[in-house]
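S.K.: One structure follows; several queries about it will come next.
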Amino acid sequence: MIPVTPRITIDEDAIEEVFVRAGGPGGQNVNKVATAVQLRFDAARSPSLDAAMHARLRRLAVRRMTADGALVIMARRFRTQERNRADAYERLIDLIRRAAEPGKRRVPTRPTAASREYRRETKLARSRTKRLRRPVDQPRE
């Protein structure tokens, strides 16, 4: 079990790892060794994530989420499998932690009387300017 928050843990069996070749630094080692990690976490079927958390996770990880609800993280920043694997797990845990925090509720507000008055005045001034730009022979409204 991987602890994410004090009340959320992820089962290691729910995470699938695939090692692939990665470009970048490493010399000829890049062509021989699969150092990049592709982490796949099936968030849709995970019992540790509730529906609200899954929706927030989907919003946070738009391009990394597949149509069937699996979260795919590619880690190829480092030269070794171990560091890329650790990086992928860190990024997964960070995403789930951010999804676990409920967003702030928006408090609806109304525009102030002064801002409404200012808006009316600027609209009136703009209207006058446009009216004065019309040709003289056109009837005025």
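Please treat every number below as a calculation from the coordinates, not as lab data. Computed from a predicted structure; not experimentally measured. Cβ coordinates were reconstructed from backbone atoms using ideal geometry, including for glycine residues, and neighbour counts include every protein chain displayed.
S.K.: Could you line up TYR118, TYR89 from fewest to most neighbouring Cβ atoms inside 10 Å? Present the calculation step by step, with values, prior to reporting the outcome.
M.R.: Details: TYR118 12, TYR89 20.
Ascending Cβ contact count within 10 Å gives the list TYR118, TYR89.
S.K.: I need SER46, SER115 ordered by Cβ neighbour count within 10 Å, fewest first.
M.R.: SER115, SER46
S.K.: As a test of the definition: which semi-axes, in Å, follow for the range 37-112 when you take the square root of five times each eigenvalue of its alpha carbon gyration tensor? Largest first, please.
M.R.: 30, 15, 11
S.K.: Right, next: Name the residues of the range 64-78 whose amide N is less than 20 Å from a point 7 angstrom out from the Cα of VAL33 along the C-beta direction?
M.R.: Flagged as within label range: 74-78.
S.K.: Given labels modelled 7 Å from the Cα in the Cβ direction, how far is it in nm from THR129 to ARG97?
M.R.: Reported label-point gap for THR129 and ARG97 is 5.0 nm.
S.K.: When only DSSP loop residues count, what trypsin sites (Lys or Arg not before Pro) in the range 49-96 have their Cβ near at most 10 other Cβ atoms within 10 Å?
M.R.: ARG63
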